[in-house]
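Take a look at the structure set out below.
The values are calculated or read from the model by the stated rules, or taken from the named source; none is laboratory data. Quick caveat: nothing in here was measured; it's all calculated off a predicted structure. FYI the Cβ positions are ideal-geometry reconstructions off the backbone, even for glycines, and counts take in every protein chain you see. Accessible surface areas use protein heavy atoms only, side chains included; no ligands, DNA or RNA. Shrake-Rupley method; radii C 1.70, N 1.55, O 1.52, S 1.80 Å.
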Amino acid sequence: MTPDHKHRILILGASGFIGNALYKELCSYFSTFGTYHVTNPAFELNKHFFQYRVEEDDIFEILEAVKPSIIISCLRGDFHAQVIAHRHMAEYVVAHDCKILFLSSANVFDAYSKFPSYEDDKTLSGSIYGHFKIKIENMLMRLPKKKVVIVRLPMIFGTQSPRVKVLKQHIADKTAIEVFPNLIMNVTTDFKLTQQIHYIINRNKHGIFHLGSSDLVHHDDFIMEMVTLITSENVHFKQVYTTNEDRYLAVIPKLNPLPKHLQICSTELLEELNNYMNYNP
Ligand SMILES: NC(=O)c1ccc[n+]([C@@H]2O[C@H](COP(=O)([O-])OP(=O)(O)OC[C@H]3O[C@@H](n4cnc5c(N)ncnc54)[C@H](OP(=O)(O)O)[C@@H]3O)[C@@H](O)[C@H]2O)c1
């Protein structure tokens, strides 16, 4: 299939777990470019990839080289440097025919623990990570509405996700896996997320999207079920109680739901993982 020249997409953090899944999803349909941080010969040889260190490099140079019509921000790195980089991106977005899609997190609500959160709920965080995401969200929300997409994500579990890799490592090392019995959350996969973002781009959507599973799970039950898909051996779990009461960390759609086929429930996620494990034991 020839790429659709309607958009030039720049993915910041395209070597990472989500950024790379997005690159693979979008590159056959759009002119897609990406950044990586750690030197990697495979990316160096790819003319669509740029090395970018958020603490040292000027994002303007990459923006000028790519001239994106959509920027997707999937970065990690120093928070202060990321805030400055997003300020520069916001300036670019205002001055050009360009929109920005920012990967935010359920942690923007982590100071509210009594209920799940909806798109128009006020953000409030008790964590440094949550504060940092709120700061960038607020900066982007000052841009023209149609130029901004904020997707708030719960924990993402995919076959290649760092979270599943950590579980496997604990199982291999026979070390305890921490679970949080009081934590009620929703979840998603890289597989569903990339389809959802592709849809948001195709339909030229803007605004805030809560891209978590339609159901809620207890962290301990979910992780234990996931572990039974990975191994039949006995695994040691360490129960961690951060409060005496149940605590929610869940982003539920109300204002901006996606079509049914783009929604996911936690059992589908576990089935997807199970299928993968059966083919890649
Ligand atoms: N994974 C989740 O469960 C989850 C949940 C909610 C929100 N999010 C958000 O989704 C985004 C992507 O997360 P992810 O899990 O895909 O992260 P990841 O796998 O760690 O990927 C991070 C990306 O940022 C790049 N990077 C790291 N440090 C950098 C630096 N100093 N300068 C420039 N680039 C740097 C990495 O490059 P290298 O590969 O070269 O190191 C990689 O491309 C993040 O903004 C995260 O907050 C993730």
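By Kyte-Doolittle mean hydropathy of at least -0.5 and Cα axial length of at least 15 Å, which whole DSSP H helices of the chain are selected? Qualifying helices: 79-95, 128-141, 162-173, 190-202, 219-230. Leaving out ligands, DNA and RNA, what percent of the accessible area of segment 24-98 is carbon and sulfur, probe 1.4 Å? Heavy-atom surface of segment 24-98 belonging to carbon and sulfur, 1.4 Å probe: 54 percent. Set the Cα radius of gyration of the chain against 2.2 N^0.38 Å, with N its number of residues, and you get 1.02.
For segment 1-58, how big is the tail of P(r) above 16 Å, as a whole percent of Cα pairs? Intermediate values should be presented prior to the final figure.
Working: 686 of 1653 pairs.
Tail fraction, whole percent: 42.
Say we join alpha carbon atoms closer than 10 Å with springs in a Gaussian network model of the chain; which of 206, 170, 261 then has the biggest fluctuation? Highest fluctuation of the listed residues: 261. Determine the shape class of segment 115-216: with a ≥ b ≥ c the square roots of the Cα gyration tensor eigenvalues, call it rounded for a/c under 1.5, and otherwise prolate if a/b is greater than b/c, oblate otherwise. Taking the square roots of the gyration eigenvalues as a ≥ b ≥ c, segment 115-216 is prolate.
Kindly state, as a whole number, the per residue volume in cubic angstrom of the convex hull around the alpha carbon atoms of segment 233-281.
Working: hull volume 6.9 nm³, N = 49.
So the per-residue Cα hull volume is 140 Å³.
As a fraction of the 1.4 Å probe accessible area of segment 205-281, surface on carbon and sulfur atoms comes out at 49 percent. Build a GNM of the chain with springs between Cα atoms under 10 Å apart, and of 40, 107, 20 the one that fluctuates most is 40. Between residue 139 and residue 246, the distance separating the two model label sites (each 7 Å from Cα on the Cα→Cβ line) works out to 3.7 nm.
Just to confirm, what accessible area per residue do you get for the chain at 1.4 Å probe, in whole Å²? Don't skip to the end; give the middle numbers.
Details: 14230 Å² over 281 residues.
Per residue, the chain has an accessible area of 51 Å².
Pair-distance distribution P(r) for segment 29-73, from all Cα-Cα distances in 10 Å bins starting at 0: 24, 58, 17, 0 percent. Here the spin labels are modelled as points 7 Å beyond Cα on the Cα-Cβ line, and at residue 214 and residue 171 they lie 2.9 nm apart. Over all pairs of different C-alpha atoms, segment 183-281 has a mean inverse distance whose reciprocal, the Kirkwood radius, equals 15.3 Å. For the pair residue 279 and residue 78, label points projected 7 Å from Cα toward Cβ lie 4.2 nm apart.
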